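Novice: Sending over a structure as structure tokens; questions will come in a sec.
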Amino acid sequence: MTDALPLLFFALIFLLLLLGFPVAFTLGGAAVVFGLLTFGFNFFHLLPLRVWGIMDNYVLIAVPLFVYMGVMLEKSGLAEELLETMALLFGRMRGGLAFSVVVVGALLAASTGIVGATVVTMGLLSLPTMLKRGYSAPLAGGTIAASGTLGQIIPPSIVLVLLGSVMNVSVGDMFMGAVIPGLLLVGLYMGWILIVSIFQPQAAPAMPAAELARFTGMAMVRKVVQAFLLPFFLITAVLGSIFAGIASPTEAAAVGALGASLLTLFRGRLKLDTLTAVMQETTYLTVMVFIILVGATAFGLVFRGLEGDVYLTRMILDAQLPPEIFLAVVMVVIFVAGFFIDFIEITFIIVPVVVPIFQQMGIDLLWLGILFAMNLQTSFLTPPFGFALFYLKGVAPPQVTTRHIYRGIVPFIVIQLIALLLVILFPETATWLPEVMLGGK
């Protein structure tokens with residue numbers, strides 16, 4: 001019966017989540033009740049110490065700073081200018097608008113990392129234009145939703161910060177490890193759009209020549225420089241300072257927050273109303289993450305107190321599963337869980353349980369963290385609870401139905417799984433850059 005307690009506790013948490021109870025209060029509430037019944041009032045001697053450990057975690061200061069940076073850049077009008085410029089640059093080729101959405105999605109991921117803001121902005125600006133130019137609704141919707149999720153894997157990413165904290169892996173290493181897989185995903189997205197534009201040219205037409213005629217000469221050069229110079233400066237300041245070892249991720253997040261504010265000021269959009277809105281949204285998102293984190297800490301305390309981690313480790317090792325099979329099982333579990341629960345919930349519930357087992361198997365945790373991040377990215381696209389789908393449907397024109405969006409994201413989910421498989425088969429895609437940047441240490 002003792003061995004069954006941790007499994008019963010784990011099953012209870014999942015049942016409550018599937019029934020729709022809020023994740024933060026489900027984790028914390030169930031953990032407190034279970035802990036009190038199992039350990040008595042001694043449980044309340046331990047819990048405050050664990051919660052204080054979260055509040056005292058220097059790395060996690062990067063979360064509100066990166067959120068602030070992303071929300072501030074959303075208000076700066078950066079996305080609109082990037083989308084307009086990229087659409088004109090790629091407009092001469094079939095599928096050009098879709099290519100521009102992917103590139104802008106990657107640039108916004110590297111400068112904001114906020115999936116909701118990216119999907120909503122590109123949905124408002126690009127989707128009506130793509131439909132007007134004759135793009136098929138599934139291709140347009142799928143491209144925008146998938147490109148918006150690139151902020152999950154391309155640094156600076158909140159997911160990578162949280163995974164690094166949970167797995168006790170350097171966040172800077174996680175950022176470096178995610179660069180090549182992120183670029184791989186961008187390349188695969190563009191490859192799919194190229195295939196569609198070749199075999200179904202009516203689904204991804206080029207822009208009319210009359211619209212492109214004005215975009216030539218010095219006017220083109222001036223617009224490109226204006227659209228790209230400031231975002232690239234900010235990306236270089238944030239990621240460059242981390243990769244060069246000048247600043248920690250937390251310090252770089254502060255640089256990014258200040259840089260985003262200055263960029264918004266430079267564009268004449270830093271007003272009191274803007275600052276108030278940014279502060280409110282940053283506070284809301286940060287509090288949500290940290291309440292879930294506190295609940296997850298309570299869950300982890302009870303689960304480990306019941307020796308659930310020991311029981312699972314012993315069960316896996318006794319089954320003599322090869323590391324490859326266990327990795328495959330965990331990846332499938334995370335992928336399926338992403339259909340029903342949020343990436344934050346998976347990060348704080350499943351990841352801490354399986355990481356000790358992978359450690360005993362001798363698996364590289366940096367590589368494993370990148371695999372987790374890539375797998376968690378699919379949770380934004382998988383119905384019925386894919387948040388990117390909700391964001392896009394909320395701003396889509398009436399003629400774009402939920403069915404169109406679901407049809408459009410299927411190829412991109414497959415592409416994400418292909419990219420995940422490639423990183424599994426070639427671990428160097430995640431480990432090579434950190435090794436080079438750290439001098440092979």
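The values are calculated or read from the model by the stated rules, or taken from the named source; none is laboratory data. Just so you know, these numbers come straight off a predicted model, no measurement behind them. Glycine also receives a Cβ, built like all others from the backbone with ideal geometry; neighbour counts cover every protein chain displayed.
Novice: Among the residues that make up segment 403-410, is at least one of them over 16 Å from the mean Cα position of the chain (by Cα), under 20 Å from Phe343 (Cα atoms) and touching a residue at least 60 places away in the same chain (Cβ under 8 Å)? Break it down stepwise before answering.
Specialist: Here is the first cut: in segment 403-410, the ones over 16 Å from the mean Cα position of the chain (by Cα) are 403-410.
Adding the requirement that they be under 20 Å from Phe343 (Cα atoms) leaves 406, 409-410.
Subset that is touching a residue at least 60 places away in the same chain (Cβ under 8 Å): 409-410.
Taking every residue of segment 403-410 in turn, at least one turns out to be over 16 Å from the mean Cα position of the chain (by Cα), under 20 Å from Phe343 (Cα atoms) and touching a residue at least 60 places away in the same chain (Cβ under 8 Å).
Novice: Can you say whether Gly35 is over 25 Å from the mean Cα position of the chain (by Cα), modelled with pLDDT of 75 or more and surrounded by 14 or more Cβ atoms within 10 Å (Cβ to Cβ), as far as the supplied structure shows? Don't jump to the end; show me each part of the working.
Specialist: On the way: over 25 Å from the mean Cα position of the chain (by Cα): yes; modelled with pLDDT of 75 or more: yes; surrounded by 14 or more Cβ atoms within 10 Å (Cβ to Cβ): yes.
In short, yes.
Novice: Pick out the one residue from Phe14, Phe21, Phe10 that is outside any helix (DSSP H, G or I), surrounded by fewer than 24 Cβ atoms within 10 Å (Cβ to Cβ) and at pLDDT below 75. Please lay out each step first, then the result.
Specialist: Numbers: Phe14 fails: outside any helix (DSSP H, G or I); Phe10 fails: outside any helix (DSSP H, G or I).
Sole residue among the options that is outside any helix (DSSP H, G or I), surrounded by fewer than 24 Cβ atoms within 10 Å (Cβ to Cβ) and at pLDDT below 75: Phe21.
Novice: Consider segment 393-402. How many of its residues are touching a residue at least 40 places away in the same chain (Cβ under 8 Å) and among the hydroxyl-bearing types (Ser, Thr, Tyr)?
Specialist: 1
Novice: Give the number of residues within segment 47-82 that are buried (at least 17 other Cβ atoms within 10 Å of the Cβ), under 16 Å from Pro249 (Cα atoms) and not β-branched (Val, Ile, Thr).
Specialist: Here the count works out to 8.
Novice: Being aromatic (Phe, Trp, Tyr) and either outside any helix (DSSP H, G or I) or farther than 30 Å from Leu263 by Cβ (or both) is the filter here, so list the residues in segment 44-70 that pass it.
Specialist: Within segment 44-70, Phe44, Trp52 qualify.
Novice: Name the single residue, out of those in segment 388-397 being farther than 22 Å from Phe343 by Cα and among the hydrophobic types (A, V, I, L, M, F, W, C), that is surrounded by the fewest Cβ atoms within 10 Å (Cβ to Cβ).
Specialist: The extreme case among them is Val395.
Novice: Further question on the same structure: When segment 118-134 is examined, which residues are found to be surrounded by fewer than 24 Cβ atoms within 10 Å (Cβ to Cβ) and not in a helix (DSSP H, G or I)?
Specialist: Residues satisfying the conditions are Arg133, Gly134.
Novice: On the basis of being within 24 Å of Val166 (Cα to Cα) and touching a residue at least 24 places away in the same chain (Cβ under 8 Å), does Leu438 make the cut?
Specialist: The answer is yes for Leu438.
Novice: Quick check on segment 398-441: of everything there that is touching a helix residue (DSSP H, G or I) at 6+ places or on another chain (Cβ under 9 Å) and part of a loop (DSSP other than H, G, I, E, B), which residue is surrounded by the most Cβ atoms within 10 Å (Cβ to Cβ)?
Specialist: Filtering first and then ranking leaves Val400.
Novice: Is it the case that Ile246 is β-branched (Val, Ile, Thr), in contact (Cβ under 8 Å) with a residue 24 or more places away in the chain and more than 16 Å from Glu74 (Cβ to Cβ)?
Specialist: No, not satisfied.
Novice: Out of all the residues in segment 221-241, is one or more surrounded by 15 or more Cβ atoms within 10 Å (Cβ to Cβ), over 26 Å from Met86 (Cα atoms) and among the β-branched types (Val, Ile, Thr)?
Specialist: No, every residue in segment 221-241 fails to be surrounded by 15 or more Cβ atoms within 10 Å (Cβ to Cβ), over 26 Å from Met86 (Cα atoms) and among the β-branched types (Val, Ile, Thr).
Novice: Give segment 312-331 a look and list any residue that's modelled with pLDDT under 70 and not aliphatic (A, V, I, L, M), or say none.
Specialist: Thr313, the sole residue that qualifies.
Novice: Something else now. Any idea how many residues of segment 244-290 are among the hydrophobic types (A, V, I, L, M, F, W, C), surrounded by fewer than 13 Cβ atoms within 10 Å (Cβ to Cβ) and under 30 Å from Phe25 (Cβ atoms)?
Specialist: Summing the residues that are among the hydrophobic types (A, V, I, L, M, F, W, C), surrounded by fewer than 13 Cβ atoms within 10 Å (Cβ to Cβ) and under 30 Å from Phe25 (Cβ atoms) in segment 244-290 gives 1.
Novice: Let me ask something additional. Just need a number here: residues in segment 87-117 that are without any contact (Cβ under 8 Å) to a residue 40 or more places away in the chain and either crowded, with 23+ Cβ neighbours inside 10 Å or under 16 Å from the mean Cα position of the chain (by Cα) (or both). Even if it seems obvious, please write down each step before you answer.
Specialist: Here is the first cut: in segment 87-117, the ones without any contact (Cβ under 8 Å) to a residue 40 or more places away in the chain are 90, 100.
Those left that are additionally either crowded, with 23+ Cβ neighbours inside 10 Å or under 16 Å from the mean Cα position of the chain (by Cα) (or both): 100.
So the answer is 1.
Novice: Still on this structure, please answer the following. Here is a list: Ile363, Ile370, Ile350, Ile341. Which entry is within 22 Å of Leu422 (Cα to Cα) and under 19 Å from the mean Cα position of the chain (by Cα)?
Specialist: Ile370
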